[in-house]
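Rule-based calculations on the coordinates, nothing more; no lab input. As the structure is a computational prediction, the values presented were derived from the model and not from experiment. Every residue, glycine among them, receives a Cβ derived from its backbone with ideal geometry; neighbour counts consider all protein chains shown.
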Amino acid sequence: MKNRSREFGLLTVAILSISGCASPDNSVKARAVTDYFLPPKSMEAQVGTASNSKGSAGTVEGRLNDENNTVLMDTAQARVISNELTGNFVLPLRAWKVKGKNGEVVHEYKPTFSFSNNFPMARGVPLFRMEQGKPVITVVSLPENLVSKGPSKPGSINDSPWYSVKIGVLDSAKKSQTVTIEITPALGEPHRYNPWICRNKGKDWQLIQNTEVLHYLDSKKGEVWSKTSLTQVGSRVRFDLTLSPGQQVHIAAQPPHSPRDIRNWVQRLCDKYDFAHQLYLPQSDETNQLAPMPGILVSKDKVLGRPTVVIVGGQHPPEVTGRIGLEHFSEAFFGPSAQGKKFRERFNVVIIPMLNERGMLDGHWRHNRGGIDSNRDWGTKQKGFNFPETNSTRELLLALKKEGATFVSFIDLHSTYGLKGYTPDVQGDQGEFIQTFMKEINKQLPELGNWKLVKLGTDKYETIGALWASRVLNAPSIVLEYGDDTSAAKLKSFSETAAKIFMTQLQSKAP
Ligand SMILES: [Zn+2]
């Protein structure tokens, strides 16, 4: 363990109360920047109790659990209709009986399957039906809210339907069962993430191979399905699964990389390296279950006034490959290589890997707990920074600036349909730095194909983190997007090479 007792200069910054959503001007108290390095006393207990809270799916689940409700599927939308026994959808979750006039049982249903969406990062509600004698469980993924309540981005939610559920066969079933699993995003959103399965409690994940995708409805043939695992081509995906009595499997849009994994990663690096200082930033949490937002300051001898690289991530809950890429990319700055050592003599790195923990825990498609896109909360003169996550990041970076830090780059890691980089459309040193970086990546990693750089106009995207950093920190800024399906091996090799290129480019500039 390293020595945490070293003191350094006082600097006061204003921060928001953890629970509030007040504007940045309503600062309620001030504290020293050194406080960002202090863990709260009860942190261990808080980490241990973080769990999936009831989001919108939980509300629906509660209604589904009412014995008198029947569930109807209407194309790609789920509707709950109370007290009507119509249609052929029933719940697999509990036994129910229909009684006649004299109280006699005229129909009895005993469940065969178990279903759970009550764990961290879960999302999806089940609908059950028999189709030509075969059981079918449809998992409907409902978004956390339909329209962003953000200050700057009204409109429909992003098309990234996340799902993560556990399905099993009850012991009482006595023999193996084959069931068709269908996964359907609500609201007619396209199927995007091909399903992964884990059969051994979170250890090993495999992409499910035998999937079919529903392409369209034909007036004569009905549903037209085909064997394919391409994304963006249909509204539902389905596959058959055979489970033995007592067996339960976990099915998810991506192998989950959870807030706990991220916290462990931060802790491990800060325990291992003397130059890695753990940061504790305020974040929103109505449940008071979450520890502060974790961060790392890489700074040899805790000198604050160096040229500083900022790496942020975890803004959008389903973007797992972006979070794993962030870890690989960041680790290059901790390495024992001669380049790493030299880099740390001159530069600091601030890493804030999880800007939307609550959204991740609740299995959100896009938004934070307040129903807004975290990457549209980075503010302009008039508005923005409504949430403690973005606001405390801003406060920390501005506090470092006061200590003499300059910002040599701001990198925000995400995932999308393919490898991409988004950068503010700026000229001069900032634009040149990013262009050179991308050119070198394409030269050194030709197997990735031509990694595309897309320019973001300042009008429509002014409240995203990269534009704020470009504008306020004068930092060359980029949103790095990994592919949803970038393999684990490529995530690692690509990130390590990109980080080396990045370090070399910074080091080649005169001090
Ligand atoms: Zn994103």
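Please sort 318-325, 451-458, 366-373 by packing, taking for each peptide the average over its residues of neighbouring beta carbons within 10 angstrom, highest first.
Listed from highest to lowest mean packing, they are 318-325, 366-373, 451-458.
Between the listed residues 308, 321, 355, the Cα displaced farthest toward the positive end of the dipole of segment 299-368, a dipole computed from Cβ unit charges relative to the Cα centre, is found at 308. For segment 195-227 and segment 262-335, write down the distance between their C-alpha centroids in whole Å. One Cα centre to the other: 36 Å. Using a simple spin-label model with pseudo-atoms 7 Å out from Cα toward Cβ, residue 227 and residue 248 lie 3.3 nm apart. Here residue 175 and residue 116 are evaluated by their C-beta separation; at R0 = 35 Å the FRET efficiency comes out at 0.95. Per the Debye formula on identical point scatterers at the alpha carbon atoms of segment 355-398, with no solvent, log10 I(q)/I(0) at q = 0.19, 0.30 Å⁻¹ is -0.55, -1.07. Taking the Cβ of residue 453 as the center, what net charge do the other residues with Cβ under 13 Å away carry, scoring Lys and Arg +1 and Asp and Glu -1? The answer is 0. Cross-link check: pairs 383/420; 439/509; 166/220; 110/203; 101/134 evaluated at a Cα-Cα cut-off of 24 Å; pairs beyond the cut-off: 383/420; 166/220; 110/203; 101/134.
For the pair residue 439 and residue 302 in one chain, pulling the backbone fully straight at 0.36 nm per residue adds 46.0 nm over the alpha carbon distance. Using a Förster distance of 35 angstrom, determine the FRET efficiency expected from the C-beta separation of residue 260 and residue 398, and round it to 0.05. So the FRET efficiency works out to roughly 0.70. Note on residue 132 and residue 207: the model spin-label points, each 7 Å out from Cα along the C-beta direction, lie 2.9 nm apart. The distance between label points at residue 508 and residue 488 comes to 3.4 nm (points 7 Å beyond Cα on the Cα→Cβ vector).
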